[in-house]
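Structure record follows, encoded as structure tokens.
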Amino acid sequence: MKYGILKQTQKGDFVMNKKRKHNRNAGFTLVELMVVISIIAILATIVGVNMLGAIDESSVGAAKAQISNLKTAIVSYKLKHRKLPDSLEDVASLLDPPQVPKDPWGNAFVYNKISGSDYEIISYGVDGTPGGNELDADISSKTMTSEN
């Protein structure tokens, strides 16, 4: 009597069956494996491209949130000192942690004091220079609305 790779002797003992038959049709062919690997690679590429777009969008959102926090600190400074700060370093003590943050791309925010009661905070985007399109576009406190 056979039990897979074990066989039973006349005494009732089980011993290894040394003769194993190999089925040539078992397993996958090289072509089948290559098709599966190609499909997985295509799906991974699609997911990767979509993830990069989401990361870029989240960086823009983070820059807008940081500008909003800086605006709140400037308003608090103005209420306390009855004037706008001369630089963002003046409001650093009102932030948590008490330092002026960098934008998501590692660049310093630009603070322009336009008049006695008007100011602008700018992030120059990925390239760190004025102007640009898409990710290189400037993000300004003047152009942000409550929806941004």
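Read the figures in this text as sums done on the coordinates, not as results from a lab. The model shown is predicted, which means the values in this text are computed figures rather than measured ones. Using ideal geometry, Cβ is built from the backbone for each residue, glycine included, and neighbour counts are taken over all protein chains shown.
Add +1 for every Lys or Arg and -1 for every Asp or Glu among the other residues with Cβ under 11 Å from the Cβ of Ser117, and state the total. It would help to have the intermediate numbers written out before the result.
Working: positive: Lys78, Arg82, Lys83, Lys113; negative: Asp118.
Around Ser117, the charge tally is +3.
With r defined as the distance between the Cβ atoms of Ile55 and Glu120 and R0 fixed at 22 Å, what FRET efficiency is calculated, to the nearest 0.05? Could the numbers behind the result be given before it?
Values: r = 27 Å, r/R0 = 1.22.
Taking R0 as 22 Å, the efficiency between Ile55 and Glu120 is 0.25.
Which order do peptides 87-99, 33-45, 121-133 fall in by mean Cβ count within 10 Å, highest first?
Values: 87-99: 13.5, 33-45: 10.4, 121-133: 16.3.
Highest mean packing first, the order is 121-133, 87-99, 33-45.
Which FRET efficiency value, to the nearest 0.05, is calculated for Thr129 and Asp86 with the Förster distance at 35 angstrom and r the Cβ-Cβ distance?
Calculated transfer efficiency: 0.90.
Would you calculate the separation in nanometres between label points at Val47 and Asn112, each defined as 7 Å from the Cα along the Cα-to-beta-carbon direction?
4.4
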